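The values are calculated or read from the model by the stated rules, or taken from the named source; none is laboratory data. All of these numbers come straight from a predicted model, not from anything done at the bench. Note: ideal-geometry Cβ built from the backbone for every residue, glycine included; neighbour counts use all protein chains shown. Only protein heavy atoms, including side chains, enter the accessible area calculation; ligands, DNA and RNA are left aside. Shrake-Rupley method; radii C 1.70, N 1.55, O 1.52, S 1.80 Å.
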2 protein chains.
Amino acid sequence: MTMVEVAAEAGVSPATVSRVLSGSAHVSDTTRRQVYSAVSRLGYLRRGERPGDSRHPPIIAAVVCEPTTRMFNDPFFLRFISGAETYLAGRGVPLPLLSAASPVFASTEKHLLGGGSDGVLLVSVHGPHPLALTLAGTRLPIRAAGRPVEGVHMPFVDVDNRGGARAAVELLLKTRKKIALIAGPSDLPAARDRLTGYLDALAEAGRPPLVAAGDFTPRGGKNAMRLLLDQAPNLDAVFAASDPMAIGAMMALRQAGRRIPGDVAIIGFDDVTAAAFTDPPLTTVRQPVERLGALAAELLFEQVVSGGRPAEDQILDTELVIRSST
Amino acid sequence: MTMVEVAAEAGVSPATVSRVLSGSAHVSDTTRRQVYSAVSRLGYLRRGERPGDSRHPPIIAAVVCEPTTRMFNDPFFLRFISGAETYLAGRGVPLPLLSAASPVFASTEKHLLGGGSDGVLLVSVHGPHPLALTLAGTRLPIRAAGRPVEGVHMPFVDVDNRGGARAAVELLLKTRKKIALIAGPSDLPAARDRLTGYLDALAEAGRPPLVAAGDFTPRGGKNAMRLLLDQAPNLDAVFAASDPMAIGAMMALRQAGRRIPGDVAIIGFDDVTAAAFTDPPLTTVRQPVERLGALAAELLFEQVVSGGRPAEDQILDTELVIRSST
DNA sequence: CTGAAAGCGCTTACAG
DNA sequence: CTGAAAGCGCTTACAG
């Protein structure tokens, strides 16, 4: 694929294509549009802009589909990126971090499509994000952190959210009668998997489910817990699909005069730093997020340097961390 | 500067230089070392790898000289980067974020020196960071966030830490007798400037200084406050060189039975989110960090596209936010 | 493993 | 503003 072909497709001379793409001289609006249209139809990139083109080592970009603000406030990103960064650093590969949130979306997309990186680690695909859809239709190697939402198809790595939730609920089933769930946002695959794990365990034990909706925040967990106590005052255990929600739920339980774990046992999910410092310390499901980041980086890196097909999706096990809230 | 010159310098053929730099064929160890040595002596980059070389728009990288962990936990970075990102997004320029902390230092440096970006926004130059020194000796346009430590010379933008501190202390001088300072780490230019501003104001009013050392954390502020109360039980005002230290100091004051602002008035620095929610709400010095980020991005961008000399250093004013702790 | 030479892809003075 | 053609910088069969 050369400029000559693009010129033919656009019906202009190679010189004109060169001028448009390098911005070295004025070209009329009409002609410029013809050239850009031919370029995007053919997917043409200039020599030196082609991914993997004479770039040793390659560049792998981490793209976060979240406003920068949120990205900085969620420990998942930090841990995932650290893991990936550390793996890649050992191979001399830098990991530039790019946001694909609304104000910078266009420039990030153009940068990636213009050959700015040889592979993309896609973090946090909430909903069918337009960038995820664009990249999925490209030859650029890509790996998602966490199973993408339905309708978006790309290789991913994930933790076993379903199995982790199931193990947590099975622990509660050993000593408790009525076990409620505080669920996460239903548009997040991770939240849905944790719900499924809860339902799995209850179904196998022949118990009826009892679910309230949360939003992964402490406030949401607190409200959900109040609702559950109204609905089923006799409940004696709660599984919260995230630690922040568990922390909110503990506040609601305390305000309602229930002792933890005497009256109500509670388990969270994530093992955030704060989970070890709640009163009582929170039993929770730990995700190996750094290992997940390193694994994603490894699979993507192998694909980039080999130029081959992506490896299979991989799922890492979670670990139940038993503290004093159960 | 072409491959022919590099070949002459290295005493090999242009073909061999090409093979080394593209990694397209095996070259003997001796020869390869000769080539690399000539390349670095001449500062040679291949066509397409040269910064600003036919890259429309250019790439500007934000480089943070901190472990990723700390970078994610300091609101200054977030606000600075958001400001820069928003400015650049309007011009179609992406802002990849790179860490220059220890595990990834080498790969980031190589990436930048190898033409990975056309300009660098250097955030948080604590001490004479090796990357800052390397980049300062390069033709790559660069702009530091905050005045660099002594011994590192590069264009920067900063807020008027000295003037902000001075204004805060002058407010206290209107109604208070004995005003103490809880200082920040003395290796940080910002902390030193705030100390200077405090000393300026006291000297002009003919009052003796009273200083305890802190480390910008709440714990450090608390310890410093206790020390100050021991040393000078009659103090009636404190200026803390950061809000987190002010928050720690407020805890110490409360534990010592002092009312705020009745017995002791207190002012912080930064206007972090929490400052509006302390009891009583904290008077503090607000830094225009987003504007600072946008300004740094603007100055750097102009330099990159013009190819000229860097613009003058710029200092933005701070703003005293008066709440109920004074 | 290396060089001389042909060639490829892109850029750019030149002409209109 | 655009094309034909010369030329530049790099790469790569080919020969040894």
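Within segment A:32-50, restricting attention to residues that are within 12 Å of DNA strand C (Cβ to nearest atom) and away from every other protein chain (no Cβ under 14 Å), which residue is most open to solvent (accessible area, probe 1.4 Å)?
Step one: of segment A:32-50, the residues within 12 Å of DNA strand C (Cβ to nearest atom) are A:35, A:39, A:42, A:44-50.
Remaining after also requiring away from every other protein chain (no Cβ under 14 Å): A:42, A:44.
Numbers: A:Leu42: 60, A:Tyr44: 21 Å².
Filtering first and then ranking leaves A:Leu42.
Any chance you could count how many residues in segment B:239-281 are closer than 15 Å to B:Phe216 by Cβ, buried (at least 19 other Cβ atoms within 10 Å of the Cβ) and of a type in the set (A, V, I, L, M)?
Residues flagged as closer than 15 Å to B:Phe216 by Cβ, buried (at least 19 other Cβ atoms within 10 Å of the Cβ) and of a type in the set (A, V, I, L, M) within segment B:239-281 amount to 8.
Run down A:Ser54, A:Ser28 and say which single residue is modelled with pLDDT under 90, more than 8 Å from chain B (Cβ to nearest Cβ) and surrounded by fewer than 21 Cβ atoms within 10 Å (Cβ to Cβ).
A:Ser28
Within segment A:282-326, track down each residue that is part of a helix (DSSP H, G or I), surrounded by 23 or more Cβ atoms within 10 Å (Cβ to Cβ) and of a type outside the set (A, V, I, L, M, F, W, C).
A:Gly293
For segment B:1-22, which positions are exposed (fewer than 13 other Cβ atoms within 10 Å of the Cβ) and either away from DNA strand C (no atom under 12 Å from the Cβ) or within 13 Å of chain A (Cβ to nearest Cβ) (or both)?
Passing the criteria: only B:Met1.
Can you name every residue in segment A:15-45 that is free of Cβ contacts under 8 Å to residues at least 12 places away in the same chain and within 11 Å of DNA strand D (Cβ to nearest atom)?
Within segment A:15-45, A:Ala15, A:Arg19, A:Ser24, A:Ala25, A:His26, A:Val27, A:Ser28, A:Asp29, A:Thr30, A:Arg33 qualify.
Which is within 20 Å of B:Leu195 (Cα to Cα) and open to solvent by less than 10 Å² (accessible area, probe 1.4 Å), of B:Val93, B:Val120, B:Val149, B:Val157?
B:Val157
Being of a type outside the set (Phe, Trp, Tyr), at pLDDT 90 or above and not assigned by TED's automatic domain parsing to the domain that holds A:Gly307: is that true of A:Arg166 here?
Here the answer is yes, as A:Arg166 does meet what is asked.
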